[in-house]
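Asks: Here's a structure for you.
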Amino acid sequence: MNKTITVIRGDGIGPEIVAEALKVLDKIAGKYGHSFTYQEILAGGCAIDAFGKSLPEESLQKCLDCDSVLLGAVGGPKWDGVAKEIRPEAALLGIRSAMGLYANLRPARLFPQLAEASPLKPEIVSKGIDLMMVRELIGGAYFGEHKTAEENGELRAHDDMTYGEHEIRRIAHTAFQTARKRGSRVVSVDKANVLDSSRLWRKVVHQVAEEYPDVACSDMLVDNTAMQLVKNPAQFDVIVTENLFGDILSDEASMVTGSIGMMASASLGEGSRGMYEPIHGSAPDIAGQNLANPIGTILSAAMMLRYSFDMAAEADDIEQAVNAVLDEGYRTGDIFSEGTKKVGCSEMGDLVAAHI
Ligand code: NAD
């Protein structure tokens, strides 16, 4: 199969981790007879430096004109002072919005080899953690009207949290379809005791649930969910929630599994094309030192093969390779513990590729 992948290396550790994911993809291409063409674009801080904006039109066009996008990470302290419209993160919002990527899938799975890296007690971790967070990505407070204006002699800031039925319906379908391929249980998270947008969310999710009688559906308030994720994460299969709640809960869910450097994500829309990226940022504190963990990016590439290219065997191959490398005791600094073997970012990529 021939696939064109738009590659955004980005800032900080972005170039280092993406290089390792491409190494693994090249190995897959060779083994299975595929051809992956990489079209590189600048987005984020490096694009601000080169073009004065974080998402040049040409870069965006290449995201629209490909089979999927692979992203490292963008941003860093160097660009903290720039105007908010051109901030590095604005590039991501722009790409998600233009590509219509309304569903963000973040698996949070505890690798048994890394149980010690979880901040939770062993008796909680031993029950296992394997959940999928399905977050609405282009609605809610992040995309509502933002304004700050003077009112009664002081500044007042507004961030409009709004959802239409169609936006809730389509993400609910994504969640139920995802659950069908896993444990057939969906927990829909909202704040329906306070927010109108949540009451509509709950109503529409219940309507969609009727189309999936084989999937169990229940509701949970967001504050309780934050608590349950640390108290008993094993209870969850698929969690579906709106943009802001999902942003916070998905970081919590991934942290209980150990290192943020292990976690992958997929952002999907109506068609098969998606954007794939690790959930962490550009980690400026360790950039350029060959210290980053590339596994989150490598597993994001595996998700691209599975969800966008329908290459399940190839995705399994990558996931098994990661497992094998962890079994052999190799660790980057973020997941290192006594008795394991510390390696750098590029060595970790070599090891995973060698197992393909
Ligand atoms: P971060 O995720 O970059 O880093 C948090 C901590 O985790 C740091 O100590 C870092 O060293 C560590 N870490 C992250 N990824 C790692 C990896 N692969 N291997 C080993 N350790 C890793 O979060 P931050 O420091 O809050 O943000 C840094 C920059 O990244 C900011 O400019 C932020 O806006 C940006 N950011 C970008 C994205 C994205 O591109 N999708 C997401 C989040 C943050």
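Asks: Which pairs turn up if I take residues in the stretch 225-245 that are over 20 Å from ARG182 (Cα atoms) and look for partners that are surrounded by fewer than 22 Cβ atoms within 10 Å (Cβ to Cβ) and among the acidic types (Asp, Glu) with beta carbon separation below 7 Å, at least 6 apart in sequence or on another chain?
Replies: Short answer, once both residue conditions are applied: ALA226/GLU252.
Asks: So, GLY72, is that one touching a Lys or Arg at 6+ places or on another chain (Cβ under 8 Å), in contact (Cβ under 8 Å) with a residue 40 or more places away in the chain and under 17 Å from ARG9 (Cα atoms) or not?
Replies: Details: touching a Lys or Arg at 6+ places or on another chain (Cβ under 8 Å): yes; in contact (Cβ under 8 Å) with a residue 40 or more places away in the chain: yes; under 17 Å from ARG9 (Cα atoms): yes.
Yes; evaluated as a whole, the condition is true for this residue.
Asks: So if I check each of SER265, SER218, which one is within 15 Å of ALA172 (Cα to Cα) and not in a helix (DSSP H, G or I)? It would help to see each step written out before you state the result.
Replies: Values: SER265 fails: within 15 Å of ALA172 (Cα to Cα).
Just a single option satisfies the conditions, and that option is SER218.
Residue by residue, here is whether (1) more than 18 Å from GLY269 (Cα to Cα); (2) in contact with a Leu (Cβ under 9 Å, 6 or more places away or on another chain); (3) open to solvent by less than 80 Å² (accessible area, probe 1.4 Å) holds:
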residue	(1), (2), (3)
MET161	yes, yes, yes
GLU167	no, no, yes
ALA175	no, no, yes
ARG180	yes, no, no
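Asks: Among the residues of the stretch 14-23, is there at least one that is away from the ligand (no atom under 16 Å from the Cβ) and open to solvent by 60 Å² or more (accessible area, probe 1.4 Å)?
Replies: Within the stretch 14-23, the first condition is being away from the ligand (no atom under 16 Å from the Cβ), and the residues that meet it are none.
No, every residue in the stretch 14-23 fails to be away from the ligand (no atom under 16 Å from the Cβ) and open to solvent by 60 Å² or more (accessible area, probe 1.4 Å).
Residue-wise test of (1) touching a residue at least 60 places away in the same chain (Cβ under 8 Å); (2) touching a helix residue (DSSP H, G or I) at 6+ places or on another chain (Cβ under 6 Å).
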position: SER68; (1), (2): yes, yes
position: ALA83; (1), (2): no, no
position: PRO88; (1), (2): yes, yes
position: LEU105; (1), (2): yes, no
position: GLU116; (1), (2): yes, no
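Asks: Now for a different question. Could you say whether any residue in the stretch 217-240 is of a type in the set (Asp, Glu) and within 27 Å of MET99 (Cα to Cα)?
Replies: We begin by selecting, within the stretch 217-240, every residue of a type in the set (Asp, Glu); these are 219, 223, 237.
From what is left, the residues that are within 27 Å of MET99 (Cα to Cα) are none.
So far as the stretch 217-240 goes, no, none of its residues is of a type in the set (Asp, Glu) and within 27 Å of MET99 (Cα to Cα).
Asks: Right, something else. Does ALA91 satisfy being over 30 Å from ASP130 (Cα atoms) and under 16 Å from the mean Cα position of the chain (by Cα)?
Replies: Numbers: over 30 Å from ASP130 (Cα atoms): yes; under 16 Å from the mean Cα position of the chain (by Cα): yes.
Spelling it out, ALA91 is indeed over 30 Å from ASP130 (Cα atoms) and under 16 Å from the mean Cα position of the chain (by Cα).
Asks: Under the condition of being in contact with a strand residue (DSSP E or B) (Cβ under 9 Å, 6 or more places away or on another chain) and open to solvent by 50 Å² or more (accessible area, probe 1.4 Å), which residue from the stretch 285-316 is nearest to the ligand (Cβ to nearest atom)?
Replies: TYR307
Asks: Sticking with this one: Can you pull out every residue in the stretch 36-78 that is open to solvent by 50 Å² or more (accessible area, probe 1.4 Å) and either assigned to a loop (DSSP other than H, G, I, E, B) or within 30 Å of ALA313 (Cα to Cα) (or both)? Spell out how you get there, then give the answer.
Replies: As a first pass, look at the stretch 36-78 and keep what is open to solvent by 50 Å² or more (accessible area, probe 1.4 Å): 37-38, 40, 42, 49-51, 53, 57-58, 61-62, 64-65, 67, 77-78.
Across the stretch 36-78, the qualifying residues are THR37, TYR38, GLU40, LEU42, LYS53, LYS62, LEU64, ASP65, ASP67.
Asks: Of the residues SER282, SER259, SER265, which single one is touching a residue at least 60 places away in the same chain (Cβ under 8 Å), within 26 Å of PRO122 (Cβ to Cβ), within 10 Å of the ligand (Cβ to nearest atom) and buried (at least 16 other Cβ atoms within 10 Å of the Cβ)?
Replies: Numbers: SER282 fails: within 26 Å of PRO122 (Cβ to Cβ); SER265 fails: within 26 Å of PRO122 (Cβ to Cβ).
Criteria check complete, one pass: SER259.
Asks: Given the condition modelled with pLDDT under 95 and outside any loop (DSSP other than H, G, I, E, B), answer yes or no: does some residue in the stretch 182-201 qualify?
Replies: Initially, the stretch 182-201 is screened for residues modelled with pLDDT under 95, giving 182-183.
Checking the rest, the ones that are also outside any loop (DSSP other than H, G, I, E, B) come to none.
No: zero hits.
The values are calculated or read from the model by the stated rules, or taken from the named source; none is laboratory data. This is a predicted model, so every value here is computed, not measured. Cβ sites come from the backbone with ideal geometry, for glycine too, and all protein chains shown count toward neighbours. In case anyone asks, the SASA skips ligands and DNA or RNA and just uses the protein heavy atoms, side chains included. Shrake-Rupley method; radii C 1.70, N 1.55, O 1.52, S 1.80 Å.
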